[in-house]
1. Of the conditions (1) of a type in the set (G, A, S); (2) open to solvent by 20 Å² or more (accessible area, probe 1.4 Å); (3) under 15 Å from the mean Cα position of the chain (by Cα), S120 clears all except one; give me its number.
2. What's the number of the only condition in (1) open to solvent by less than 30 Å² (accessible area, probe 1.4 Å); (2) outside any helix (DSSP H, G or I); (3) not charged (D, E, K, R) that P81 fails to meet?
3. For the range 87-105, how many residues meet the condition of being surrounded by fewer than 15 Cβ atoms within 10 Å (Cβ to Cβ) and in contact with a Ser or Thr (Cβ under 9 Å, 6 or more places away or on another chain)?
4. Out of the range 37-53, which residues are open to solvent by less than 40 Å² (accessible area, probe 1.4 Å) and either at pLDDT below 70 or assigned to a helix (DSSP H, G or I) (or both)?
5. So in the range 1-31, with the set limited to residues that are at pLDDT below 70 and of a type in the set (A, V, I, L, M), which one is surrounded by the fewest Cβ atoms within 10 Å (Cβ to Cβ)?
6. With respect to T115, is the statement that it is out of contact with any strand residue (DSSP E or B) (no Cβ under 7 Å at 6 or more places or on another chain) and modelled with pLDDT under 75 true?
7. So which residues in the range 106-117 are buried (at least 21 other Cβ atoms within 10 Å of the Cβ) and out of contact with any Ser or Thr (no Cβ under 8 Å at 6 or more places or on another chain), if there are any at all?
Amino acid sequence: MSGWSTGLLALWDDFETMLNGTVLCGALLVFLPAKNSIDMNDGKPSCGIKAEWLAKMFRNCGCTDRDAAFTINFTLFAMFPWIAIFWRKQIRDFYSIDGSLLGDFLACCFCCPCTTLQESRELKKRGINMMDVPPQLSMSSR
């Protein structure tokens, strides 16, 4: 077991994640927990909900299964914000990160944006793409 690769308040450890999550796309912070959960589940929504039926309904609009999964996860997050605590636990369990459900709850209550960015930094360091950033905005392309 190990700890998180960055601290809860280490916003400046990954400037690109912080910039994309707050300054450039502040609204993106609301969507990141749902996106992180999809990344952890190989493009599938949480709770075993099937996204295919939603994708079929909106196929003519260009909706993919991943888009449908994101819509389902975002709806779950909007209806039940505390689900982010369980998504955080899922990341901890998957990567054997030390912690507890109580610690996840307290972190989310203390600073939900901080926990979201910490999870995004962790997934990025583990090789799971947080978001598709255009090359001109990517700090690594400079």
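1. Every listed condition holds for S120 apart from (2).
2. (1)
3. Summing the residues that are surrounded by fewer than 15 Cβ atoms within 10 Å (Cβ to Cβ) and in contact with a Ser or Thr (Cβ under 9 Å, 6 or more places away or on another chain) in the range 87-105 gives 2.
4. S37, I38, D39, M40, S46
5. A27
6. On the way: out of contact with any strand residue (DSSP E or B) (no Cβ under 7 Å at 6 or more places or on another chain): yes; modelled with pLDDT under 75: no.
Considered against the rule, which asks whether it is out of contact with any strand residue (DSSP E or B) (no Cβ under 7 Å at 6 or more places or on another chain) and modelled with pLDDT under 75, T115 comes out as no.
7. Scanning the range 106-117 gives T115, T116.
The values are calculated or read from the model by the stated rules, or taken from the named source; none is laboratory data. These figures come from a predicted structure and were not determined experimentally. Cβ atoms come from the backbone with ideal geometry, glycine included; neighbour counts cover every protein chain shown. These accessible areas exclude ligands, DNA and RNA; they are computed on the full protein's heavy atoms, side chains included. Shrake-Rupley method; radii C 1.70, N 1.55, O 1.52, S 1.80 Å.
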